[in-house]
Amino acid sequence: MTGDWNRGHSSKNAAIDYLVNRFQIITGQKRVHTRQPTNPMNLPTEIFGNVVVIHSPEELAADQSEAFQNYLTSQERQNVVLDLDNSESIASEGLAALLDAQTKLRELTGDLKIATTNSVNRKILEITRLDEHLEVFESVIDAVKSFR
């Protein structure tokens, strides 16, 4: 049995996984994952001076809204531009997360601004009147420039 852990595996992680699995078989105990992903939302970001641009997920569902809000407010910079062009679906909880994130960023002397050319998302912001609370720009460049 010794040495068979590396058959087909070439990394330390494979060796650790093998040993953990053997431990589970022998003891009957389940593995508990303790490692947290560094970027659970895994959203593309760009930095322009004191502004971070975050590209939104395809879908901003209710079950993602809290993690999304935390992601928006946990960046190294407090001036955030959210590019909504990628989002095809935004739940009401996602819209609430935008307002909550804006409030928290303002408490940190920052702000949240929206950039989108997506006509559906612009209409959603208009119908919900969020465009009266959040500054909405046609382009990411215009939104970034507004922080100067």
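The values are calculated or read from the model by the stated rules, or taken from the named source; none is laboratory data. Remember, predicted model here, so these are calculated numbers, not experimental data. With ideal geometry, Cβ positions are generated from the backbone for all residues, glycine too; neighbour counts draw on all protein chains shown.
Structure values in brief
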quantity	calculated
Unmet criterion (only one of (1) closer than 17 Å to Phe147 by Cα; (2) in a helix (DSSP H, G or I)) for Ala96	(1)
Filter pass, Val52 being hydrophobic (A, V, I, L, M, F, W, C), buried (at least 21 other Cβ atoms within 10 Å of the Cβ), outside any loop (DSSP other than H, G, I, E, B) and touching a strand residue (DSSP E or B) at 6+ places or on another chain (Cβ under 9 Å)	no
Sole exception among (1) modelled with pLDDT of 75 or more; (2) within 11 Å of the chain's Cα centre (by Cα); (3) over 29 Å from Arg148 (Cα atoms) for Ile54, by number	(3)
